[in-house]
Ligand code: OFO
């Protein structure tokens with residue numbers, strides 16, 4: 001059984017994972033409209049992953065005797081300055097999500113909820129991977145200079161290690 005505090009933090013995370021999914025969906029749509037099919041495919045896949053993360057939290061809360069709340073989601077930005085800015089934003093967002101997951105973990109530790117502490121380790125590892133792939137893409141964009149977006153669009157799906 002989840003304590004009220006752990007339930008509250010898990011529900012906050014449901015909202016954050018859902019907002020992540022929508023944010024990446026908006027970025028994917030922007031990239032697709034610009035003819036960047038590879039980058040769009042990467043971002044669409046990322047949006048699906050985030051929806052999967054949200055579902056994991058929903059099902060965990062309900063399985064542990066809580067009530068998962070499906071929230072309203074924020075409308076993500078429609079326009080972006082460019083692809084470099086999008087990936088800088090992805091990295092910043094993932095760092096925010098890492099901090100947020102760590103807070104859920106810290107609450108679970110404080111509440112002596114060993115099951116949640118154990119369960120959430122998957123997210124801890126996932127965040128290492130997500131931050132590192134966003135960083136990798138940003139590094140490649142910087143290395144490639146002005147042609148970077150073209151090469152990234154062609155090769156980005158090969159960077160998905162999963
Ligand atoms: Fe990319 O963050 Fe979910 O967990």
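The single residue among 36, 43, 23 that is out of contact with any strand residue (DSSP E or B) (no Cβ under 7 Å at 6 or more places or on another chain) and without any contact (Cβ under 8 Å) to a residue 60 or more places away in the chain turns out to be 43. With respect to the conditions (1) more than 16 Å from the chain's Cα centre (by Cα); (2) surrounded by 15 or more Cβ atoms within 10 Å (Cβ to Cβ); (3) assigned to a loop (DSSP other than H, G, I, E, B), residue 72 falls short on a single one, namely (2). Residue pairs whose Cβ atoms lie under 7 Å apart, sitting 6 or more positions apart in sequence or on different chains, and linking a residue in region 121-138 that is within 15 Å of residue 103 (Cα to Cα) to a partner that is within 9 Å of the ligand (Cβ to nearest atom) and at pLDDT 95 or above, are 123/101; 124/101; 127/94; 127/97; 127/98; 127/101.
Restricting the search to region 57-69, which residues are surrounded by 17 or more Cβ atoms within 10 Å (Cβ to Cβ) and either within 16 Å of the ligand (Cβ to nearest atom) or closer than 25 Å to residue 148 by Cα (or both)? It would help to see each step written out before you state the result.
Here is the first cut: in region 57-69, the ones surrounded by 17 or more Cβ atoms within 10 Å (Cβ to Cβ) are 57-58, 60-61, 64, 66, 68.
Across region 57-69, the qualifying residues are 57, 58, 60, 61, 68.
Would you pick out the residues in region 8-35 that are surrounded by fewer than 22 Cβ atoms within 10 Å (Cβ to Cβ) and away from the ligand (no atom under 16 Å from the Cβ)? Scanning region 8-35 gives 8, 29, 30, 32, 33, 34, 35. Apart from one condition, residue 52 fits all of (1) within 12 Å of the ligand (Cβ to nearest atom); (2) in contact with a helix residue (DSSP H, G or I) (Cβ under 6 Å, 6 or more places away or on another chain); the exception is (2).
Taking the criterion of being more than 10 Å from the ligand (Cβ to nearest atom) and under 14 Å from the mean Cα position of the chain (by Cα), the residues of region 120-130 that qualify are 125, 128.
Answer yes if at least one residue in region 103-119 is within 12 Å of the chain's Cα centre (by Cα) and surrounded by 13 or more Cβ atoms within 10 Å (Cβ to Cβ), and no otherwise.
From region 103-119, those within 12 Å of the chain's Cα centre (by Cα) are none; that's our starting set.
No: region 103-119 contains no residue that is within 12 Å of the chain's Cα centre (by Cα) and surrounded by 13 or more Cβ atoms within 10 Å (Cβ to Cβ).
So, of the residues in region 143-162 that are in a helix (DSSP H, G or I) and surrounded by fewer than 11 Cβ atoms within 10 Å (Cβ to Cβ), which turns out to be modelled with the highest pLDDT? Looking at the filtered set, the residue picked out is 143.
The values are calculated or read from the model by the stated rules, or taken from the named source; none is laboratory data. This one's a predicted model, so the numbers in the text were calculated from it and none came from an experiment. Using ideal geometry, Cβ is built from the backbone for each residue, glycine included, and neighbour counts are taken over all protein chains shown.
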